[in-house]
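The values are calculated or read from the model by the stated rules, or taken from the named source; none is laboratory data. A quick note: this is a predicted structure, and the numbers were derived from the prediction, not measured. Methodologically, a virtual Cβ is constructed for each residue, glycine included, from the backbone with ideal geometry; neighbour enumeration extends over all protein chains shown.
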Amino acid sequence: MLNVEKLNTYYGQSHILFDVALTVGQGEVVSLLGRNGAGKTTSLRSIMGLTPPRSGTVSFEGKPLQGEKPNNICRKGIAFVPEDRRIFSRLTVHENLEIGAIRERRNGPWSIKRVYELFPRLNERRHNLGHQLSGGEQQMLTIGRALMGNPSLILLDEPSEGLAPVIVTTVGDVIRTVRDEGISILLVEQNSSFACRLSDRAYLIDDGRIRFHGTIDELEQNSELKQKYLAV
Ligand SMILES: Nc1ncnc2c1ncn2[C@@H]1O[C@H](COP(=O)(O)OP(=O)(O)O)[C@@H](O)[C@H]1O
Ligand SMILES: [Mg+2]
């Protein structure tokens, strides 16, 4: 459903991504793994049109996306959950979800009621302010808010970052729940053991170049690769 070919992305004069290529199929969870500074966020920003690539192609459900504005890309069914989560700390959980509903929304099954059914914890916390939530609840909220736009693919940028291990487990459950709803996920992570438990396939990126792609088993069996490109 997502097909990325030969992306070359720059920040000013610095060449950051070199011929990055990846695919995500219908209903798949695919990881993009790499160390800090490897080019993971830039890859997501390139797909979303936030940092448009200088060359290469991105297509989604068979249609080209390059040249489209981020809000149009959103409307075509791709949601982006950035690393910093962007929760409104002075709005309640419920208000944060309402804002998700007025943004670039497509027609589809998701409503606040359905998000609460999926994440009962958010329902319990509906009157709490953003800053009163735990890291895991915040991640639930950003994903819930993304669902309000009725995406068919969610790009998740380091959802486990900065969370205690027990909360990382909760976030893993949240990602599985979303996958079980038939939504595809491109999961960007430095935490490869977390990502591999959730994913069908993985890509390794280093220095702006894809160094490996394959199944999780293939990656798990290749300790040299993991040593070289991941902080294990
Ligand atoms: N806004 C920016 N301007 C210039 N260079 C940037 C900018 N954002 C990121 N970079 C550089 O691009 C490279 C890739 O960064 P990034 O995609 O954020 O990596 P990752 O998400 O894998 O940690 C790094 O060398 C980083 O310093
Ligand atoms: Mg990043």
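Here are a few things to note about the model shown:
- Residue within region 185-203 that is outside any helix (DSSP H, G or I), closer than 24 Å to Ser89 by Cβ and aliphatic (A, V, I, L, M) present: yes
- Unique residue being surrounded by fewer than 22 Cβ atoms within 10 Å (Cβ to Cβ) and either more than 16 Å from ligand 1 (Cβ to nearest atom) or within 28 Å of Gly130 (Cα to Cα) (or both) when the list is Gly62, Gly37, Gly56: Gly62
- Residue satisfying all of: in region 162-215; surrounded by 17 or more Cβ atoms within 10 Å (Cβ to Cβ) and charged (D, E, K, R); nearest to Ala146 (Cα to Cα) among these: Arg179
- Remark: Asp157 matches the filter, which requires a residue to be surrounded by fewer than 24 Cβ atoms within 10 Å (Cβ to Cβ) and closer than 23 Å to Cys74 by Cα.
- Within region 1-19, tally of residues that are loosely packed, with under 15 Cβ neighbours inside 10 Å and either more than 13 Å from ligand 1 (Cβ to nearest atom) or assigned to a helix (DSSP H, G or I) (or both): 3
- Hits in region 20-53 (condition: outside any strand (DSSP E or B) and more than 16 Å from ligand 2 (Cβ to nearest atom)): Gly25, Gln26, Gly27, Glu28, Gly49, Pro52, Pro53
- Under the condition of being modelled with pLDDT under 95 and under 26 Å from Thr9 (Cα atoms), the residues counted in region 173-192 number 3.
- The set of residues from region 193-232 being within 13 Å of ligand 1 (Cβ to nearest atom) and modelled with pLDDT under 90 comprises Tyr229, Leu230, Ala231.
- Sole exception among (1) away from ligand 1 (no atom under 16 Å from the Cβ); (2) assigned to a strand (DSSP E or B) for Arg145, by number: (2)
- The residue pairs whose first member lies in region 155-167 and is more than 12 Å from ligand 2 (Cβ to nearest atom), whose second member is assigned to a helix (DSSP H, G or I), and whose beta carbons are closer than 6 Å, counting only pairs six or more residues apart or on different chains, are Ser160/Val168; Ser160/Val171; Ser160/Phe194; Leu163/Gly135; Ile167/Gly135; Ile167/Gly136.
- Looking only at region 92-114, residues that are in a helix (DSSP H, G or I) and either of a type in the set (Gly, Ala, Ser) or touching a residue at least 40 places away in the same chain (Cβ under 8 Å) (or both) come to 6 in all.
- Residue in region 62-74 that is touching a residue at least 24 places away in the same chain (Cβ under 8 Å), aliphatic (A, V, I, L, M), over 14 Å from Leu187 (Cα atoms) and part of a helix (DSSP H, G or I) present: yes
Let's see how each residue does on (1) over 17 Å from Leu44 (Cα atoms); (2) of a type in the set (A, V, I, L, M, F, W, C); (3) away from ligand 2 (no atom under 16 Å from the Cβ):
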{"site": "Met140", "(1), (2), (3)": "yes, yes, yes"}
{"site": "Pro151", "(1), (2), (3)": "no, no, yes"}
{"site": "Gly182", "(1), (2), (3)": "yes, no, yes"}
{"site": "Gly208", "(1), (2), (3)": "no, no, no"}
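- Qualifying position, being crowded, with 17+ Cβ neighbours inside 10 Å, of a type outside the set (Phe, Trp, Tyr), within 16 Å of ligand 1 (Cβ to nearest atom) and touching a residue at least 60 places away in the same chain (Cβ under 8 Å), among Leu118, Leu22: Leu22
- When region 165-192 is filtered for residues that are within 16 Å of ligand 1 (Cβ to nearest atom) and in contact with a Pro (Cβ under 8 Å, 6 or more places away or on another chain), the ones remaining, listed by number, are Leu187, Glu189.
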